[in-house]
1. For q = 0.14, 0.19, 0.23 Å⁻¹, what log10 I(q)/I(0) does the stretch 138-241 give under the Debye formula with an equal point scatterer on each alpha carbon and no solvent?
2. Give the calculated FRET efficiency between ASP169 and ARG141 to the nearest 0.05, with a Förster radius of 22 Å applied to their Cβ-Cβ distance.
3. Under a point spin-label approximation (7 Å from Cα along Cα-to-Cβ), what is the ASN105-ASN417 distance to one decimal in nm?
4. Which value, to two decimals, describes the C-alpha radius of gyration of the stretch 258-344 once divided by 2.2 N^0.38 Å?
5. Return the inverse of the average 1/r over all pairs of distinct C-alpha atoms in the chain, which is the Kirkwood hydrodynamic radius, in Å to one decimal.
6. Under a plain spin-label model, where a point goes 7 Å from the Cα along Cα-to-Cβ, how far apart in nm are SER285 and LYS487?
7. Work out how much length ASN238 to ASN46 would gain on full extension: take 0.36 nm times their residue separation and subtract the Cα-Cα distance, in nm to one decimal.
8. Provide Rg and Dmax in Å for the stretch 76-147, with only Cα atoms included in the calculation.
Amino acid sequence: MSLRLGICFLLLCGFGVTPPAYSGDRPNFLFILVDDQSPEDLQIYNPQSVLEAPNIARLAARGIVLDNACHMGSFSGAVCTPSRHMIMSGRTLWNLPIAPQGKRNCPPELEQQTIPAVFNRAGYATMRTCKMGNSYEAANRLFAVRRDATKRGGTAESGSAWHADQVLDYLNERERQQDSRPFLIHFGFSHPHDTRDGTPELLQKYGATNHSDPATRPLLNPRQPPLPVNALPAHPFNTTDSDVRDEIAVSGVWRNRDVASLRNELGRELACSENIDQQIGRVISRLEQLGELDNTYIIYTADHGMAIGRHGLMGKQNLYQHTWRVPMIVAGPGIPSGTRAAGNVYLLDILATLCDFAGIEPPETNQGLSFRAVLEGRQQTVRDVLYGAYSGGAKPGIRCVRRGDWKLITWDAPALNVHQIQLFNLRDNPEEFLPEHHLAETIAFTGSTPAPHQTNLATDPAHATTLQEMQALLQEEMRRLNDPAAK
């Protein structure tokens, strides 16, 4: 777009006038963002999952599944907030405007270099629906059409169907106005974040109830999902933030880690997730009716993962695989069907990738990498090393680094006398089993026995050199990314 045309576009938007239609074959984008979902909930990542999500499965069959996409981390118990800032801005964790050193590390008026601003200037029609709060408000308000509300109820009006209705209304309005501009739709949901009030029919399907009485425990039901294989009745040590809201105040679970409470909450999680799948199906069907589907890239992901019983945890304030990773499925023109790749991507890479597909120069403030080559099957990964952080509780908190099959997690909080080191080979131990998973009471709790060799290797002399190498690598990444705890 020329400078003159760009100025005209901004002026027209400022006066509430619909910009002119733009011709060409630029692609559309439907960016689907769910709130709090572990990849392990989906059968495409975990074949043992009982979640039925046929529309997400069809999306994966049409495109690519990334096995190693991560959210990088958080400096706040509200992990959603930095995650969504990273998505919008393409900035790394410690270089966000809300980071502890954000004013020093971040350029001013960053919102003008975020996804909606960049695509508005490029002539795209931008629309957003999502939850309210815990996100990047300065960027959110730049979408040309914004219909946000937090919807975590168990009815069509109070739950996920409401978000789908907003997208469908927008698509219908585009059809009425004969708007031929390419679109970028941010299709966000408020679920499966708690409170996980599912619809009655889906709760029944997964044997769950919207339990709300802290004085009682829900009943066991054979239709409830089984416990994850790496569940624990308690985490073996203080997480540096063990009293964070997600661990003690989630309605329906609170501090309880009994089998009935966890299986009921997992049922609620899957009920909400299947509802999301149904709403995605409605929108994709409408795009197909409108003849827009073949020219639309669809990206499905979450702002972070979730524990719900895994490792004895409930929330998102940890860096185990079930929480550090996010689901990432992409389908669209030129993406080979039914493929998989490691990817090694962060959520903050989304801005660069969208720009790459749209033929837009990413803003200079962007720090992410385009993973278009991975999506098109030309390479397996965009980086060799992945870093994660959580410091929402006692400092410095939790850090992790992954290279190849090896992953290191450190837990440090001198004020709480916490200093733990975990070393995992994820090829041999993808569930990150700990010694505590082999205890008799844990085996009785989960009903499954981990393989004997699967455990934390940090104290194994045979892996001392690997441990040292991973510790050095972690410090290198911390320094490179402006982590304030770097040595």
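Derivation of every value follows stated rules applied to the coordinates shown; laboratory data play no part. Since this is a predicted model, take the numbers as computed values, not measurements. Backbone-built Cβ (ideal geometry, glycine too); neighbour counts: all protein chains shown.
1. Rounded to two decimals, the profile gives -0.80, -1.06, -1.27.
2. 0.70
3. So the two model labels end up 3.2 nm from each other.
4. Numbers: Rg = 16.5 Å, N = 87, 2.2 N^0.38 = 12.0 Å.
Expressed relative to 2.2 N^0.38 Å, the Cα Rg reads 1.37.
5. Working: mean 1/r = 0.0434 Å⁻¹.
Radius from the Kirkwood sum: 23.0 Å.
6. 5.8
7. 66.3 nm
8. Rg then Dmax for the stretch 76-147, in Å: 12.2, 37.
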